[in-house]
Structure formats: C-alpha cells, structure tokens
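For reference, the structure discussed in these notes is given below.
Since every read-out is calculated from the coordinates, none of them should be taken as a lab result. As the structure is a prediction and not an experimental result, all values here were calculated from the model. Here the Cβ positions follow ideal geometry from the backbone for every residue, glycine too, while neighbour counts run over all protein chains shown.
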Amino acid sequence: MNPTQPCHRPSRLPRPVRPRAHVRGSIVVNLAIALSLIVITLIGSELGYLFFVKRELQKTADLAALAGAQALGPSDCASAQRAAATNANVNILPGLPRVAETEVSCGHFDPARTTPRHFGAPNAGQKLNAVLVTLTRTPSLLLPLLPGNAQRAITVEALAAQQQPLASLTVRNTLVSVNDAKSPLLNAVVGGLLGGSLNIDAVGWNGLLNTDIKLLDFLDQLKISLKITAGGYDQVLNTEVEVGTLLDAMITALKKSGQTLDVVLKALDKLHVAATGPGAKPLIKLADLLNIETGTEAGGLKSDLQLFQLVNGVVQLASGKSAASVDLNIPSLAGITASVKIRIVEPPQVSAIGNPNLIKPGTGPGTGAADPYGIYVRTSQIRTLISLNLTSLTNVVSQIASAVLAALSPIINFINTVASLNLGNIVGQLVGGIICGGNSCPVSKVLYADALPAPIDVAISSGNGEAYVTGHTCTTDTSKELDVQANTSIAQVNVGKVSDTVFSSSAPVTAAPVPVVEIGYQEARYDSCLLSILGPLLCSGEKWKNAAGNFVDGKANGKKTVVSGLGLTINSPVGGTGTANPLVYRAPAPENLPEIDAPPFDGTVDPSYKAITSQSVVSSLAATLGGIQIRPYSSDNSGLLGSLLGGTLNLISGLLTTLQNLVKNALGPLLDPAANYLLEMLGIDLSKTEVSGRLSCNRGAVLVY
C-alpha cells in the first residue's frame, strides 16, 4: 500500500429533512387539546359552583322549614314565618339576597291528600301543621368572562311537618307487696297458666312488682332474638313467638341495663324454665298485648312497663290461646278442701301508644264501629270456678245434721203437703203398728236426711275493665290535657252446681241448685211385733230393703230413694252495675301528665295513675254470698235437683233460716285474705286496677319533602 496515496473515508448518509408544516400541525393539535381541557375545567368549575350553591341553598331551606315548623301554632303562621326567615338568614351563603317571610308559607300536611307534596290549606277542622319554604336565587357567576356563560336561577323547596302528638295508656295491677302467705298462690296461678310448677319466693315476686322495663330496650332485644334485620317494630310486634323467647328477651334487656337486682333476674329465670318445660308451647304475638300504632318510631316507644304486669300479661295471653280450663294447685283455704280452675276468656292489653289526632269520632268501644287508630287498653276477662268440699268441716256437717234431726216432724209435714210427690205416709222412724211376724209385718217409708252430700261450686266471671282516649288538648308544651273514658262491665257470681262445660265457651254461666240437705226415704219393716204383758207392742229385728229388693239387717245397707233436696243457688251480678268513669289527666304539673319518654315517677304515689273504678268486686261478693237462700227442690236418685216444690214453706221456714246461716258461715273462709288476694291477682277485682296516661304534644318537626 502506498502511504502517499490519499485515504478515502466513507461519506455519511444524508439526514431526512422534516417538513416545517408537519411540525406546526402537531403544535396546533396539542394547543387545541389544552384549550379544550381548560374550557372543560372552567365549565366544570362553574357547574360545580352552581351545584354547591344549590346544595347550600337547599340546606338553608331545610333548616328554615324545620325551625318554622317547630314554631308553628295551630292557627299562628306569623311566628313560624319569622322563625324560618331568621334561621335562613343565619345560614344563607354570603352574597345571596336575604330571605323574606313571604317566602315561607304554612299549611296542613296529610299523606292522604292528593295535592302535590300532600300539602295545602287546612280543611275544616284541621290545624296548621307544616311549613313550606321556597327559595329562588340567582348566584353571581364564578367566571363571568367565559363566553356563553350566563346567570341561572336556582329554586329549592323544603317542606317540614310537625311530628304528630303521641299519647299512651298503660294498665297495671296495684298489688303493693307479696308476703310469704301470698307467694304460694301466685306460684300456683302463674305456674298453672304456664302449664307447670313454679317456686318463686315473696322477695322475687316483690322484685317483679317494683321493677320497670323499658319497652324500647325489650323490643330491640326481641328484634335481635328473632333475627329481624329488615323492617321496623311492626314486624317484631306481629311475629308469632313462644313465651320462653319473650322472657329470655326481658332477661337479656334487663341485664344490659345493669340496674336490675339479682332477685328479679332469678325470678325471671324460674319463669323461663317453667315456660320452656314439657308440653304445648302456644305462639303469641306481642301486638295482641301491646296496642301500638303501626309505624310508631323508636322515639315513641321510650316508655316503661311494670315488669310484673308485662309478665302476667304474656302468661295470660298464652293461656288464652287454649279453650281449656287450667287446674290450679291452690293451697287449702282455711281448712276447706277446694279445687280451683280458671280460663282466660279474653287476655289483657296492657299498653297502647298512638296518635290521638287520628282517633275517629263516633267509633270505638260501645259504638259498634271499630277504630283502627284507637288508643285502648283493657284488663283480662277471667272465668274462675272454685269447688268447695265442706264435708271436711265436721262441725258444720254435724250442725246441719242436728238441725235437720230437730226438724223431722216439720219436714214430714212439708213432704206430705207436696201432692206431686204422692209418697203416702212417711215416718220419722220405724215403729210397729200391729202384731205381725216376718213378711206379714207392714213396710214403712222412713225419712232420712244427709248433710252436704255434694261440693258447692262458686263460679266468678270477672267483669272487663277498659280505658280509651277520647280527646286531648295541646295548648302549649306544658299546658296539656288527655281525656280518657274508663268502663267496667258487671261481674257475675254463680253458686250451686256448675258444670266444667262453662269453660268451653264464653257464654254466660248458669248454676243449677246444689243440695245442702238430701231428703229421701228408706223402706223398712220389723221381723216380728208381739203384744207384751204390759200392753205395748214389742217389735224386734229391723230389716231394711236393699237395692235387690231383699230385706236385710243394717240401715246402712238399705236403699235410699231421693225425693227432695234443700238446695241453694245464686245467679247474680256482683256489685250492682257496670261503671262509666271519665278520667282527666292534666298538666302543667308534669307528673300528672308526663311526656311519653319521661322516667318513672320516683315519688310515693304516681299521680299519672288513676283507678279505673272504685267498686270492689271482693267486698261486693261478700254481700252477694250473704244473700244465699235455701229452697226445697224435687230430686231423684241421681242427686240432681229439679223444680221447686210447691208445698207449704212455712212448715220448714225455721229450718231453712237455720241452714242458710250455717252455710253462709261455712262459705265465709272463701272471703278470707288469701282468697281475696287470689281474686285480686287474677284481675277479677277491678278496683285494684289503675291506668296511666301520658301525652307528648311537641315532638319536634321532620322533613317530609
């Protein structure tokens, strides 16, 4: 290679030349996109600002409507307009015109109205209850220089209605305390209604009497127990549930409160055990016990119930599902052997909550037209049958027997005056009449009389006590009145022979006469009657005709032929007539007519509770039983008494008076304190029942549109 020869480098490839027009086009596209984004952002900002203004304006209208509704009087719109305008001007955005009172209107809100928003001028008889705020504002533009941007008017409306007043009635038993003598009766009654046995001491029963349970807490816990996640309290009230589940919800709710004594929880545990024992488990609905208006919100359920009344109502409601009677293992009543059966004819409704404005005039109890919005409570209606076997009272039996033996001659004379019996001659004792022997001796009809051959039944059908709201007045928050009508139907007592079939229906009970003394004869003769040296007949070998027709030794083996009975019967009302007692609950004293959610009264006597009647069935029962009359009836070998005998009563008037006094004294133990307490506990004595009234007039306001 020649070094002097020049070196040739490879030449570079020429670079492509981009057209300037293409570069300029790319810049224009990017600029257009950027400008579009800027415009969109500006428009979005303007729209966002308008939405913000509308939201704030709506909030202002909402708060103003609520303030106006709370200040609204039944016929006073001016106060509501001022309150709404004042509230709105505090909350309105700066820069917007102030709110005038003319932008606030008053009227009546009713969901049944067909007008827009269910709002309009009140109809006849209606009152102002709602405030409508209508605001129209044109806010300044955020970007006034934006091409095409123009001011826009924004209109918002808010309608607030006053929450309706809420009234409640609660019925309770006024048992003050339970002692060791009374607790066995309560155990027998409540345990029997539950279908089992119960052993709660006096301390436990007193704990139930002196403890209140919050209705809302109870329903909330029951809602959890029933696993109800959707729906309100209406579903809880209308769900069929066992008694054990209800008692368990009470126990849990009281435990959560942390303020319940252990003795109360232990008593409820024993009730729970009795309710979940073997046997049928009737399903009940709380709506049958608690008459709460459909749709009532939680705020209207913040009332208290006496725990004893709630438990007793649940137990009676469950027992009332069965048409059968319940046998109670009642301790001996002052030495008298007694069996007691009861049947819940109609269970109680212990509490009612509702809107008194919805009550329809001319409907409700006594009108024949039911009112679905009625605020109504009632006591249970119970039928009780007490069967008394007085034969254990040997002193009474012997006294009656002695009275009869002392009056054999008058009885014989009376029997012989009753032509319908056609018995021939009856003798007081077997006597010889002629000289005879064996079958030739004459047969005589020898009178006998047995004392208290059958138990005496006392059936008591309790009258029904009811109370319902008839009107209310809400002048101010503190000046208010609740008018309640309390009625009682008449109780009935039947004494005599009462069949168990009375428990298979709710038809009136009628007692048949029951024999106090059974009267009849036995046929007898002597084996022989001989003339003695001294002249009179000497008879020997008394023979008594038995059921086979043979004459045998021993009077006890002789057949008894029943012909009559001195019987007693009572089919009488107790206490005269039913009662109608208007009750008026009136504030300003708040304890006289508390708010729905007011705590229980902490004084000695709660003035919000009023007696449903002053008429005591127990005291009237004493007078009724004191009117016992004993009369002679026809009878037969079945022992059942038939029609009244038409003989000459003055022949035995002395005996009848004596027997009446003896039986009245024997029935006296039925009216001892233990028996009285049984009748009171069963709800038969309505003078031991009280009704509480509560009313909340101003419950605030709520937005409805």
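Tabulated values for the structure
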| quantity | calculated |
| --- | --- |
| Neighbour-count order for ILE435, ILE386, ILE213, fewest beta carbons within 10 angstrom listed first | ILE435, ILE213, ILE386 |
| Theoretical gain in end-to-end length, ALA589 to LEU31 [0.36 nm per residue, Cα-Cα removed] | 193.0 nm |
| DSSP-defined antiparallel bridges as percent of all bridges, the chain, nearest 5 | 95 percent |
| DSSP-assigned coil residues among trypsin sites (Lys or Arg not before Pro) in the range 259-304, each with at most 14 further Cβ atoms within 10 Å | LYS285 |
| Pairs of Cα atoms farther than 17 Å apart, the range 27-162, % | 63 percent |
| Nearest 10 degrees, 0 to 90: helix 408-417 Cα axis against the chain principal axis | 80 degrees |
| Farthest toward positive dipole pole in the chain [+1 Lys/Arg, -1 Asp/Glu at C-beta], among SER197, PHE119, LEU656 | PHE119 |
| Approximate spin-label separation ALA181-ALA112, in nm, with each point projected 7 Å along Cα-to-Cβ | 5.6 nm |
| Loop-resident sites, the range 187-227, for trypsin sites (Lys or Arg not before Pro), counting at most 10 other Cβ within 10 Å (DSSP) | LYS227 |
| Helix-derived mean residue ellipticity, 222 nm - over the chain, DSSP H n ≥ 4, -39500 (n - 2.57), to 500 | -9000 deg cm²/dmol |
| Gain upon complete extension [SER506, ASN413; 0.36 nm per residue less C-alpha separation] | 29.1 nm |
| Cα point-scatterer Debye curve for the range 88-224, base-10 log of I(q)/I(0) at q = 0.18, 0.19 Å⁻¹ | -1.11, -1.17 |
| Net length gained if the chain between VAL203 and ILE434 were fully extended (0.36 nm per residue, minus Cα distance) | 75.5 nm |
| The range 558-600-the range 89-105 distance, computed between alpha-carbon centres (Å) | 62 Å |
| Distance between modelled label sites at ALA230 and LYS54, nm, 7 Å Cα→Cβ extension | 3.1 nm |
| Protection proxy ranking of 514-524, 152-162, 128-138 - average other beta-carbon atoms within 10 Å, highest first | 514-524, 128-138, 152-162 |
| Among 256-263, 591-598, the order from most to least packed when residues are scored by Cβ within 10 Å on average | 591-598, 256-263 |
| Per-q log10 I(q)/I(0), the chain, q = 0.06, 0.09, 0.11 Å⁻¹ (Debye; single scatterer per alpha-carbon; no solvent) | -0.58, -0.92, -1.13 |
| Above-threshold pairs, the threshold being 30 Å between Cα atoms, out of LYS223/LYS321; LYS270/LYS664; LYS281/LYS610 | LYS270/LYS664; LYS281/LYS610 |
| Estimated inter-spin distance, THR561 and LEU265, nm [label 7 Å along Cα→Cβ] | 7.4 nm |
| Proximal charge balance of SER168 [Cβ under 12 Å; K/R count +1, D/E count -1] | -2 |
| Ranked list, fewest to most other Cβ atoms within 10 Å of each Cβ, for PHE52, PHE601 | PHE52, PHE601 |
